[in-house]
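What follows is one structure encoded as structure tokens, with my remarks underneath.
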Amino acid sequence: MESPSSAASRVDFYGFLDRMRRPAAAGLFRSIKSFLASLSLDAEEDGARVQAFYAAMEAAFREHPLWANATHQEIDHALEGLEKYVMTKLFDRTFAASPEDAAADAEVSERIGLLQRFVRPQHLDIPKVLHNEASWLVTPLAVKELQKINSFKSPRDKLLCVMSCCQVINNLLLNVSMSNDRTPSGADEFLPILIYITIKANPPHLHSNLKFVELFRRETKLVSEVEYYLTNLISAKMFILNVDGRSLSMEQNEFQMHMETAKLGTQICAASLSSPQGSATSTRGLQKQTDTEGSRFPFMDSETESLTAAEVKQLHGLYMQVVTRYTSLSKALRKLSIDEDQLLASVDADL
């Protein structure tokens, strides 16, 4: 599988730039610069115009003396270079450029951050034969490939990251099928693993990256295997946004309990990482409190950098107590069929 930093990818781009520097390409270069200046700030509208521009430039390349007698592959290389040049120039204007995109990215990332804390392969009905450690040794590789998607500015390079991740998964499924004499797996096993990898990776700006590829990758390249993998990653994102208890083979109240516990854990981590800066009145992290609230929550006014190893261990112990108590409350809720909000309100009143 070609990578975004491969020699072939660099040849396409630098070969295109080399031809654009020649005097004979002055007219083409002016057309490109004029097109870049003409675009609006509407991603969907610009996507349609960029696709039309790709098609027009393909015809221009085929008729231009610099590509006289060029093969189909050589024209394709020129178009790959064109796409990278155009979209690198337009990147800041087209990628995550709207408040809606920023909000969608934040929603996906936050959702994945919660799911990371409790979702395991069995929750996604991934076959047990794929649960063993040897199989999941490939997980870090697939995760790493997917996380790279935010490191590149061209649609093709971003898509290559998706392809690399998906091919790692395919290789896993093929190897397991061969070693266990199983029928090669299809989408029924591929998609759940891709969802799991996406949760583990939590790639930055997932929504915007997928939208960027859909809008600005040459449409003629979004076919066959590429289209299949991209569609599956979009499906993985939608699954994550809409996931509930049934999706994870658990009761809805159990799912809600896991989500609330994950939110609590996230808040504790955020609180432990944030501390006031430059305060002249900063004191020791673990303070002696005389009031009831202070004795119950000794770290409320602590500074992260002031905590000792023993205090960090104590804080972890308190977190475990919170999780244990919440789990016990949730179990009691299921047995007694009491409204969760009412139960938690009564507990809060007793504290």
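The values are calculated or read from the model by the stated rules, or taken from the named source; none is laboratory data. Just so it is clear, the structure is predicted and the values come from calculations on it, not from any experiment. Note that we place each Cβ from the backbone using ideal geometry, even for glycine, and neighbour counts take in every protein chain shown. Side chains are part of the model used for accessible areas, which takes the heavy atoms of the whole protein and leaves out ligands, DNA and RNA. Shrake-Rupley method; radii C 1.70, N 1.55, O 1.52, S 1.80 Å.
Size of the dipole of segment 44-146 about the Cα centre, Lys and Arg at +1 and Asp and Glu at -1 on the beta carbon, nothing else charged, in debye to 20?
Charge dipole of segment 44-146: 440 debye, to the nearest 20.
A 23 angstrom limit on the alpha carbon distance is what I want to check against. Which of Lys84/Lys200; Lys128/Lys200; Lys84/Lys237; Lys89/Lys200 exceed it?
Pairs exceeding the cut-off: Lys84/Lys200; Lys84/Lys237; Lys89/Lys200.
Ignoring ligands, DNA and RNA, what percent of the 1.4 Å accessible area of segment 85-238 is carbon and sulfur? Intermediate values should be presented prior to the final figure.
Details: 3640 of 6940 Å².
Here it works out to 52 percent.
Around Lys158, with a cut-off of 10 angstrom between Cβ atoms, what is the net charge of the other residues, counting Lys and Arg +1 and Asp and Glu -1?
Net local charge, Lys158 excluded: +3.
Placing +1 at every Lys and Arg Cβ and -1 at every Asp and Glu Cβ, with all other atoms neutral, what dipole size does segment 8-87 have around its Cα centre, in debye to the nearest 20?
Charge dipole of segment 8-87: 480 debye, to the nearest 20.
Write down Rg/Rh for segment 97-158, rounded to two decimals, with Rg from the C-alpha atoms and Rh from the Kirkwood relation over Cα pairs.
Reported Rg/Rh (Cα atoms, Kirkwood Rh): 1.07.
Cβ under 14 Å from Ala24's Cβ, Ala24 left aside: what net charge do those residues give with Lys, Arg +1 and Asp, Glu -1?
+2
Sort the following peptides by mean Cβ neighbour count (other Cβ atoms within 10 Å, averaged over residues), highest first: 15-25, 252-262.
252-262, 15-25
Hey, can you rank 86-93, 142-149 by average C-beta count inside 10 Å, highest first? Could the numbers behind the result be given before it?
Working: 86-93: 16.4, 142-149: 21.5.
Highest-to-lowest ranking by the protection proxy: 142-149, 86-93.
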